[in-house]
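S.K.: Just dropping this structure here.
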Amino acid sequence: MAGFKEVKEEEKSQMVGNVFTNVASNYDLMNDLMSAGLHRLWKDRLVSELNPFPGMKHLDVAGGTGDVAFRILETIKSTKHRALQDVIEDELQEQTQIYVCDINPNMLTVGKNRALEKGLGEDQSLVWVEGDAEALSFGNDSMDGYTIAFGIRNVTHIEKALSEAYRVLKVGGRFLCLELSHVNTPVFKELYDYYSFSIIPAMGELVSGDRESYQYLVESIRRFPSQEKFASMIADAGFQNVEYENLVGGVRRQYSPQSP
Ligand code: SAM
């Protein structure tokens, strides 16, 4: 049995801030433990669906540790675009801008340190921005792409974040969201419930001595709207061609809508 403690809207952002400040230093390790490393494959899938290109202006919101942004940048750098002459491709590569926006400075610090470790510390294409998904500091129609991985369920007003995503995207720009969502397959659902409500908080306690933060992460998944409901929220924000894909028995969902 599981019970949800009601959280008032105004308390949620404070609580989310505390949770990610607490988990920041162990976040990568816990991500691997909680998903048995699968989050890496899901992020690869997200980036392959995005199909990044040289010169693109991209915004990764709730980008925390830079995991998605690094993949986008590495894809752009490693893909040879046959249609482009080398000199044009080099010029475009230099214009590429991947903005990593996160509300939590501790998570951004983890990301910046990881960029240093990867030799991307001086890379001008990566821009780290402290900011709120609900009130982005970027101009209208300024981005070719917007991604948010395992972030939107932590935002207090999801509709505001979606409307901000729509505002900053150029016409034809793409919004992609990777999120933990609802499992519908009966036996798998029971296993998943047991794993998420019993094992994950215990693992959190063992690794970081912080059961409560991991309890919150699990409960936030249960509170998140169903796939269909979330798809309709994305469409209500103005996006067209809204699609979603269930990954691993419906544990993860991916949306790849397009703005008009
Ligand atoms: N995207 C990263 C990944 O997949 O590894 C990090 C995901 S982590 C579960 C969620 C992130 O959302 C945290 O870094 C947290 O600080 C950030 N976050 C929560 N609320 C936010 C908001 N309103 N605006 C921007 N970022 C937010």
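S.K.: Once amide H atoms are built 1.01 Å from N in the peptide plane, which residues 5 or more positions from VAL183, or in another chain, come under 5 Å H to H?
M.R.: none
S.K.: Looking only at LEU50, LEU169, LEU41, which one moves most when the chain is put into a Gaussian network model with springs between Cα atoms under 10 Å?
M.R.: LEU41
S.K.: Which helices, taking whole DSSP H runs in the chain, have alpha carbons extending 24 angstrom or more along the helix axis plus mean Kyte-Doolittle at least -0.5? Don't jump to the answer; show the numbers that get you there.
M.R.: Details: long enough: none.
Span-like helices, by this rule, are absent here.
S.K.: Same structure, new question: For the chain, modelled as a GNM with alpha-carbon contacts under 10 angstrom, which of VAL100, VAL207, VAL110 fluctuates the most?
M.R.: Greatest mean-square fluctuation among the candidates belongs to VAL207.
S.K.: Longest exposed-loop-site-free stretch of the chain, with GluC sites (Glu not before Pro), DSSP loop and at most 15 other Cβ within 10 Å?
M.R.: Working: sites that count: GLU6, GLU122, GLU243.
Looking at the chain, 123-242 is the longest stretch - no exposed GluC sites (Glu not before Pro) with at most 15 other Cβ atoms within 10 Å.
S.K.: If you don't mind, another one. Would the stretch 9-255 count as rounded, prolate or oblate if I go by the C-alpha gyration tensor, calling it rounded below 1.5 in a/c and otherwise prolate when a/b exceeds b/c, oblate otherwise?
M.R.: On the way: a/c = 1.63, a/b = 1.42, b/c = 1.15.
Here the stretch 9-255 falls in the prolate category.
S.K.: By how many nm would the segment from SER137 to SER13 lengthen if fully extended, with 0.36 nm per residue of separation less the alpha-carbon distance? Don't jump to the answer; show the numbers that get you there.
M.R.: Details: separation 124, 0.36 × 124 = 44.64 nm, distance 1.83 nm.
This chain segment gains 42.8 nm when fully extended.
S.K.: Now a separate question. How much mean residue ellipticity at 222 nm does the chain get from its helices, if each DSSP H run of length 4 or more adds -39500 (n - 2.57) and you divide by all residues, to the nearest 500 deg cm²/dmol?
M.R.: -14500 deg cm²/dmol
S.K.: Report the gain in length on full extension from THR21 to GLN97: 0.36 nm times residue separation, minus Cα-Cα distance, nm rounded to one decimal. Kindly include the intermediate steps, with their values, before the conclusion.
M.R.: Working: separation 76, 0.36 × 76 = 27.36 nm, distance 2.67 nm.
Stretched out fully, the THR21 to GLN97 stretch lengthens by 24.7 nm.
S.K.: Go through THR109, ILE88, PRO225 and say which Cα lies farthest out towards the positive end of the charge dipole of the stretch 9-255; charges sit on Cβ, +1 for Lys and Arg, -1 for Asp and Glu.
M.R.: Result: PRO225.
S.K.: Say each of VAL207 and ARG222 gets a label point 7 Å from the Cα, pointing the same way as Cα to Cβ; how far apart are those two points in nm?
M.R.: Label at VAL207, label at ARG222, 2.1 nm between them.
S.K.: Here's something else I'd like to know. In nanometres, what is the gap between the two model label sites at ASN113 and VAL127, each 7 Å from Cα along Cα-to-Cβ?
M.R.: If labels sit at ASN113 and VAL127, their model points lie 2.6 nm apart.
S.K.: Near the amide H of VAL127, under 5 Å away, which other amide H atoms are found, from residues 5 or more places off or on another chain, if H is placed in the peptide plane?
M.R.: ILE98, TYR99, VAL100
S.K.: Trypsin sites (Lys or Arg not before Pro), restricted to the stretch 48-113: which are DSSP loop and have at most 10 other Cβ atoms within 10 Å?
M.R.: Values: sites: LYS57, ARG71, LYS77, LYS80, ARG82, LYS112; in loops: LYS80, ARG82.
Filter output for the stretch 48-113: LYS80, ARG82.
S.K.: Placing unit charges on C-beta atoms (Lys and Arg positive, Asp and Glu negative, everything else neutral), compute the dipole magnitude of the stretch 140-260 about its Cα centre in debye, rounded to 20. Don't jump to the answer; show the numbers that get you there.
M.R.: Details: 12 positive and 15 negative charges, 24 e Å.
For this selection, approximately 120 debye.
S.K.: Quick one: dipole size for the chain, taken about the Cα centre, charges +1 on Lys/Arg Cβ and -1 on Asp/Glu Cβ, in debye to the nearest 20.
M.R.: Working: 26 positive and 38 negative charges, 101 e Å.
Around 480 debye, computed over the chain.
Readers should treat all values here as calculations from the given coordinates under stated rules, not as data from a laboratory. Since this is a predicted model, take the numbers as computed values, not measurements. Reconstructed Cβ throughout: ideal geometry from the backbone, glycine too, with neighbour counts over all protein chains shown.
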